[in-house]
Each structure stands twice: as C-alpha cells, then as structure tokens.
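The next block holds one structure in the form of structure tokens; read it before the comments.
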Amino acid sequence: MGKHKKWVQISIFSVILLLGGWTLMNNLFLSEKKPTVGASAPDFRLASLDGQTRQLSDMAGKVVVVNFWGTFCEPCRNEMPALDQQKDKWAGKNVEIWGLNLDEPRVAVENFVKQYNVTFPILLDKNEEIRKRYGVSQYPTTFFIKPDGKIGEIRIGEMDAAYIDRTIASMLAQ
C-alpha cells in the first residue's frame, strides 16, 4: 500500500509541475504583446449597435480613434461629449471615431448612448477579445491610429475636446 501511495503522490506532483510550467511558458512567451506607439494596430472586426460590422483594416488612409469604455466608468461618461463633438468636427475629413464597449449588456449600452446622445459608432466587444488583444486594463483607454495603420498615440484616462482635436490634427498633418 505504501508503494502505491508514493507513486500516486509522484504522479500528482508531476502533473502540478507540468501545469505550472505550461502556465508560466504561456504567460511569458506565447501571449500576444501589448501594442505600443509606432506598432501596427491589431486588426479587428466587430458588430456595432446600429447593426453594421466594422473592420479596422477597412479604414486604411484614415485616422481612427478607438476608445475603450464602459458605462460604469465616470471618466468615460465625462469624455463622451468631447468625442462626439470631434466626430462632428472631423466629419468628411478622413477621421473615424469608434467606441468599443467592454462586453456589457446591450440594453445598458443602448441606454447609455441615448442618455449621452452619442452619435459615433459603438462597437460591441463580446468576451472582451479586442480589449485583451490591445492590452487595455484601465478605462477609458484610447488608441489614435494613423492613416498608415500604425498607432500614433495611446491615451489612458479622460480626454477633453482640445486634446482629441490636437492629436487628430497632428496625425492628419503627418
């Protein structure tokens, strides 16, 4: 009985070591790197509240502002009017502003959009796949993507209209 017990313990210990090693390898070497300024923006395709599907790679030649937000986030609520104002200002000038909601119930997102009169496209990031791919952990986080598809600026935290305007204008001038 003692010999069997020892082999069971060794087997369990071996399985734990293998799982621990696999987890460590996966986290250190196999996970996707967080995008940085100057890197190509990871492509994505998401459905929006208005029923359309939008794909980042279809926006080549445009500045794209990708804002990760949630209804629970006070700074997100505060900056929505500024984003919407910039959407109107840059209309027809090769600028797109998209809001990526962080997998909240559709009805909550729809109510938020109505309450804050948001008119730019709101994309639904089901299972937070795009949030994870972009390495977003604080809200709001905004990626300013240049016409060549490279990330020109990453802003963590609330923005005002003047900041958004300056950042877009500098990317269009490049």
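The values are calculated or read from the model by the stated rules, or taken from the named source; none is laboratory data. What you see is a predicted model; the values in this text were computed from it and never measured. Quick reminder, even Gly has a Cβ in these numbers, built from the backbone with ideal geometry, and neighbours come from all protein chains shown. Just so you know, the surface numbers come from the protein's heavy atoms only, side chains and all, with ligands and any DNA or RNA stripped out. Shrake-Rupley method; radii C 1.70, N 1.55, O 1.52, S 1.80 Å.
With the condition being within 18 Å of Gly38 (Cβ to Cβ) and either open to solvent by 60 Å² or more (accessible area, probe 1.4 Å) or modelled with pLDDT under 95 (or both), I'd like the helices (runs of 4 or more DSSP H) fully within segment 59-174 carrying at least 1 qualifying residues. Even if it seems obvious, please write down each step before you answer.
Details: elements: 74-89, 106-115, 129-134, 161-173.
Answer list for segment 59-174: 129-134, 161-173.
Among the residues of segment 40-47, is there at least one that is in contact with a Ser or Thr (Cβ under 7 Å, 6 or more places away or on another chain) and under 22 Å from Tyr163 (Cβ atoms)? No; the residues of segment 40-47 include none that is in contact with a Ser or Thr (Cβ under 7 Å, 6 or more places away or on another chain) and under 22 Å from Tyr163 (Cβ atoms). What's the total number of residues in segment 1-46 that are at pLDDT 70 or above, of a type in the set (Val, Ile, Thr) and open to solvent by less than 100 Å² (accessible area, probe 1.4 Å)? Matching residues across segment 1-46 total 5.
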